[in-house]
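Just so it is clear, none of the values below were taken in a lab; they were calculated from the coordinates. Predicted model, so just to flag it, every value in this text is computed and none were measured. Every residue, glycine among them, receives a Cβ derived from its backbone with ideal geometry; neighbour counts consider all protein chains shown.
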Amino acid sequence: MKVVSIVGARPQFIKLGPLSRLLRESFEEIIIHTGQHYDHEMSDLFFDQLEIPKPDINLGVGSGLQGAQTGDMLEKIENKLMSIEPGLVLTFGDTNSTLAACLASSKLQFPTLHIEAGLRSFNKTMPEEINRVVADHTSDLLFAPTKEAVRNLENEGLTEKAVLTGDIMVDSVEFVQSKIDNHNANENPYALLTMHRPYNVDNPENLKNLFRSLKELSTSIIFPVHPRTRNILNSNNIDVPDNIELIEPQGYIEFQKLLRSCSRVITDSGGLQKEAFITGKPCITLRPETEWVETVEAGWNLLADLSDPNLADKIKSFNPEEERPDLYGKNVAEVMVAEIKKFISQS
Ligand code: UD1
Ligand code: UDP
């Protein structure tokens, strides 16, 4: 049976890696890359490092406004799916590539699976929140990473389609573990910073506020800069304090090494909040809310506003010591492939 996996952005490649490997043992997998992310260090590098076969199809959609980008993907995905006639279409996360994939596939009535279903920020100003709600309501099978995600799906009447599988990123982190086991820990303490959410970075004043606060931290900060953020920094001539080292977006292996050696994480990324929890790093999330509420409840994730005048103190004094419960499962790709087989046999 043909299974089509549709991806397009960095976090989706990371989620695809471990699942694709196992899926190929039982199915003919065809990978469609929408082309939403296209720089080598945002795309090809992840296929190489996570040992994912090169995409069979790259739609080359590239960057654009929300509607234009999604519309272009929708048309091109529809076209490809009509000629492939898959038995199942896999979609991941909450990007515009997810939205286009779910819309195209469900309207063609191909069985559609949404991985990382049930997450909610309840903040519709985020494009991702709109994408996830549509993805969940158009898909036939919903793999929820957490109990909270299952509850959200139940609240929206989607109980029958939902399966609690755990979070596939547990397997991604595990996969690179052996590749970083022998790395020399960086001896100088530093915090690891990533930022790319439009509401944080598109207004240069927000970045200036953040840098002002981070300057007060005595520790050094390593900041792999997302291309969206790099564009804003460059076009607004924003001064970067001496304790912040800007570097290029990192490959998954290099980034996981940076994560293992850092003292804490400061971020607005979804995936990184989980990885910080999994690896036992205190995480300060620069957002008013998070979809990964269980990390906050467990005491390892602190929500903070980047314009908070006490941000530096909050970051410094956040030193969780609570035990970390197992929130995201184990061998998740195995669980997912077993559930996919069950779904196909019952269809
Ligand atoms: C997208 C997702 C977001 C996800 C993030 C992961 C949507 C709506 N947003 O945000 O959910 O968290 O990816 O990183 O789908 N650019 C480059 N090179 C690239 C890719 C992007 O220079 O390879 C620049 C372009 O100027 C582009 C901007 O980054 O306009 C934003 O890219 P886009 O894919 O639209 O959104 P992200 O902010 O990356
Ligand atoms: N990541 C990476 N290199 C970097 C920054 C992040 O490999 O320079 C990884 C990180 O480990 C996490 C994922 O990218 O797994 C998060 O992606 P991103 O923050 O782009 O998107 P989000 O998770 O917020 O949707």
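Within straight-line reach of Lys330, meaning a Cα separation under 16 Å, sit the following lysines at least 8 residues removed in sequence or on another chain: Lys15, Lys147, Lys274. Within segment 67-111, which residues have the backbone N less than 18 Å from the label spot 7 Å out from Glu28 along Cα→beta-carbon, could you tell me? Label zone hits: 80-90, 110-111.
Ranked for footprinting exposure by Cβ neighbours inside 10 Å, fewest first, Phe46, Phe318, Phe223 give Phe318, Phe223, Phe46.
Rg over Rh for segment 177-329 works out to 0.94, using Cα positions for both radii and the Kirkwood form for Rh. Amide H to amide H distances under 5 Å link Ile30 with Val3, Val4, Ser5, where only residues 5 or more positions off or on other chains count and H is placed in the peptide plane.
Computed over the alpha-carbon atoms, segment 132-224 gives an Rg to Rh ratio of 1.13, Rh here being the Kirkwood radius from the mean inverse distance. Computed on the chain, the Cα convex hull volume stands at 127 Å³ per residue. Ordering Arg228, Arg197 from the fewest to the most neighbouring beta carbons within 10 Å gives Arg228, Arg197. Label positions at Asn123 and Asp313, each projected 7 Å from the Cα along the C-beta direction, are separated by 2.4 nm. Over the Cα atoms of segment 228-310, the radius of gyration divided by the Kirkwood radius equals 0.98; this is the Rg/Rh ratio.
From largest to smallest, the equivalent ellipsoid semi-axes obtained for segment 4-133 from the alpha-carbon gyration tensor read 20, 17, 15 Å. Counted by neighbouring Cβ atoms within 10 Å, the residues Ile232, Ile115 run from fewest to most as Ile232, Ile115. Rounded to whole Å, give me the distance from the Cα center of segment 1-21 to that of segment 81-135. After rounding, the separation between the Cα centres reads 13 Å.
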